[in-house]
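The values are calculated or read from the model by the stated rules, or taken from the named source; none is laboratory data. Everything numeric here is computed off the predicted structure, so don't read it as measured data. Cβ placement follows ideal geometry from the backbone for every residue including glycine, while neighbour counts extend to all protein chains displayed. What goes into the accessible areas is simple: the full protein's heavy atoms, side chains included, and nothing from ligands, DNA or RNA. Shrake-Rupley method; radii C 1.70, N 1.55, O 1.52, S 1.80 Å.
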Amino acid sequence: MSRVFVFLVLMLFSVNVFAQKIITEAFSPDKKYKLEVFYQDSLLKFSLKDSKTDTALIAPSRLGFLLDTVLNCVTSADTLVSIKKKKYSGFLVSDFAERKKQEDKYSTLILSFKSSDIKYCVNLRIYNRAVAVSYSFSAKKIYQIKKDFTEFNLSPLNFYYYREYIVEGGYSLGEGDMLGAITPIFIKGSNSDFSATINDAANYGSSDKMRVDLRGKVFTFLGAFVKDTSLVTPWRYIVFGNTPTEMLENKYVVYSLNFPNKRDTFDYSWLKAGTAFRYPENQYSWERIKQCVDFCDKNQIKYLHFDAGWYGFGYNHESDKNSDPMRPVKGFDVKKTVDYAREKNIGIVLYVNQTAWFIYNNDAVLDTFAVWGIKGIKLGFMSSRSARALSDVYTIVQKAAQRKIFVNVHDEMRPTGTEAVFKNLFTMEGVRGNEHIDNTSYHTMLLPFTRFMAGAADYTFCYPGYPRELNGKINEMRTTKGHQMALSVIFFSPLQNIFWYGKPEMYQKENEIEFFKNLPTVWDDFKIIDAQPANYFAIARRSGEKWYFAVATAFNRDFELPLDFLGEKERYTAKIFEDAPKSEVMIKEIEDLSGINSLNFKLTASGGATVIFDSKPRRLKNKKN
């Protein structure tokens, strides 16, 4: 990853300025927006304006924090020591992303202050369609940030929003004030297509999971921080666009805010992304395990996952001799399973509940898994409510990387772009996934604008969605097979659990699961075709020479797909997967798309469609002598 930093200004001075006198400013790389920093009523604030019209998108918004209930940073009484301006132009490059090479440009303002025995900095970044704020301080004694004063004042706008109060609770529509919602929060203009997401980035355990209040169109952040003599806070940021599509195209900002990578020097060449199948029972026998490995091999599924129960059910916070993750239950020969799976190039993933991490030595557990040849672990019921809990998870992630083991974190934890640093942190849950069989298309058509703005999510696809009993009630899938296929492309996760409640004997129809064979889970590029929250979503993703298109909808819809994203240099075939009568899947093939400018789809409510475009070499005409 290349980085070009240009130092523009370095000034030393002490100030006591009048209200709204500009201290410093920075422009977005495309010059369309201007970030201004100033004092107003003795408080440090910022605003974001359109460079041409000077109209505010973000009205004056407070900056600063409170240390130990007594030190109010930042006010005009503090000494402004220096201002640094930086410009950055480079790329984010990753083999485990939605776009392998992402252009990354921004301008940074670093305001350094001194107050008593404390030195602190206010850090601001402006991207083409995002603004971010963080703080850092150093002192001679231990302090704690008691309150974060960061605001995003959207009073110039009329808007509504979607928020979630409980992880896996589902998103709901809100207007007016809001207290304690979990990030990310999606904002939509009431009378326009303006869209924005408020979120936090780069939280490695310095503060609790973030929540946000909204009072009178002003968003403020809530959360407790660890005590220390020095601290760098997570970034608070807003990414926006004049359309939902423009906002979605800029969601990479969460990863940009986690670079540069100076924390992690591990060799990740061993990491392999892919799909996973869940062992379907809590009874273990070599015959059944072998059948599941062979099923993965036949259907080109990369991993076989053993969920809760393989070492017992020790869910309480107490020692349970029958729940030792270094002692599998009767009938499960882990080493034999790993060896057989390895012959077929299939990796084994093991679930470990948080109870086991509390009770048993983490290094001993991971060492045992490394000896067995385990490729990945799923951490169950991991808390993210406290800074300490977050820090503990990242400690496990780093220790797993040392043993060449990837990590999937369940249940409430959500990413903040940290997987850009810890690459073996493949995915997290933090979402009302498909294990809730009765998820609606309203819910699925909100997730790209909400949870997936924060990063990868393990949605645990339950294709094709057989009825399942839960709490004495029979729940049925409320979206079509075409919708579920489309979501496996729309939703991003380097580890994609498919057929979650399925069993090998359920998948006898080749055409039903053909689409999932060799389904990519990481991508070279993507293009959002069109999207509206709680309504529909259409995207094309490229893997090598193939493009995968997916469209899903909540309502009946006729959808036209222009094929200009394919370019003109290659000839393409198309394999189309659509809903058919009687809950079947219909497959159509077009051998040559030459001369075809678009494809049309007639989508039913809660339905969807997918297309695999494969390039064909052009035939050269024979030259006459």
Checklist entry - For the chain, with the dipole built from +1 on Lys and Arg beta-carbon atoms and -1 on Asp and Glu ones, taken about the Cα centre, which of Val371, Pro234, Tyr548 lies farthest toward the positive end? => result Pro234
Next on the checklist: Given the DSSP H assignment, sum -39500 (n - 2.57) over each helix run of at least 4 residues in the chain and divide by its residue total; what's the result at 222 nm in deg cm²/dmol, nearest 500?
Outcome noted: -3500 deg cm²/dmol
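As an exercise, identify the GluC sites (Glu not before Pro) in segment 220-293 lying in DSSP coil whose Cβ has no more than 14 other Cβ atoms within 10 Å. Let's see the in-between values first.
Numbers: sites: Glu246, Glu249, Glu281, Glu287; in loops: Glu281.
Taking segment 220-293 and a limit of 14 other Cβ atoms within 10 Å, the loop GluC sites (Glu not before Pro) found are Glu281.
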Next on the checklist: Over 10 Å intervals from 0, what percent of Cα-Cα pairs in segment 554-597 sits in each interval?
Outcome noted: 20, 45, 27, 7
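Using the structure shown, list the pairs from Lys32/Lys251; Lys101/Lys546; Lys473/Lys602 with a Cα-Cα distance above 27 Å, or answer none. Walk me through the intermediate numbers first.
Working: Lys32/Lys251 18 Å; Lys101/Lys546 17 Å; Lys473/Lys602 33 Å.
Distance filter (> 27 Å) returns Lys473/Lys602.
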Checklist outcome for this item: For segment 362-377, Karplus-derived ³J(HN,Hα) couplings (6.51, -1.76, 1.60; θ = phi - 60°; whole Hz; x for glycine and proline) come out as 4, 4, 5, 4, 5, 4, 4, 4, 5, 5, 5, x, 5, 8, x, 10
Checklist outcome for this item: Its Cα gyration tensor gives segment 226-384 an equivalent ellipsoid whose semi-axes in whole Å, largest first, are 35, 23, 16
Checklist outcome for this item: Filtered hits (aspartates and glutamates, Cα-Cα < 15 Å from Lys616, offset >= 8 within chain) -> Glu545, Glu568, Glu570, Glu589, Glu591, Asp592
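So if I place +1 on the C-beta of Lys and Arg and -1 on the C-beta of Asp and Glu, and nothing else carries charge, what would the dipole magnitude of the chain be about its Cα centre? I want it in debye, nearest 20.
Working: 84 positive and 71 negative charges, 354 e Å.
With Lys and Arg at +1 and Asp and Glu at -1, about 1700 debye.
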Checklist entry - Tell me which lysines have Cα within less than 18 Å of Lys298's Cα, excluding those fewer than 8 residues away on the same chain? => result Lys290, Lys344, Lys503, Lys509, Lys517
Item to check | With every protein chain in place, segment 121-225: carbon and sulfur % of accessible area (1.4 Å) | outcome: 49
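Going from most exposed to least, what order do Tyr160, Tyr311, Tyr268 have by accessible area with a 1.4 Å probe?
Working: Tyr160 55, Tyr311 5, Tyr268 25 Å².
Ranked from most to least accessible, the order is Tyr160, Tyr268, Tyr311.
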Checklist outcome for this item: Expressed in nanometres to one decimal, the distance between label points 7 Å along Cα→Cβ at Asn597 and Arg288 is 5.7
Next on the checklist: What figure, in Å² to the nearest 10, do you get for the accessible area of Ser138 with a 1.4 Å probe and non-protein molecules left out?
Outcome noted: 50
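In Å², and per residue, what accessible area does the chain have when probed at 1.4 Å with the other protein chains present?
Numbers: 26000 Å² over 625 residues.
With all protein chains present, the chain gives 42 Å² per residue.
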Next on the checklist: Nearest 5 percent is fine: what portion of the DSSP beta bridges confined to the chain is antiparallel?
Outcome noted: 85
Checklist entry - What length, rounded to one decimal in nm, is gained on full extension from Thr573 through to Asp267, with 0.36 nm per residue of separation minus their alpha-carbon distance? => result 106.4 nm
Item to check | Calculated from backbone phi, Karplus (6.51, -1.76, 1.60) coupling profile of segment 267-274 in Hz, x at Gly/Pro | outcome: 8, 9, 5, 7, 5, 9, 7, x
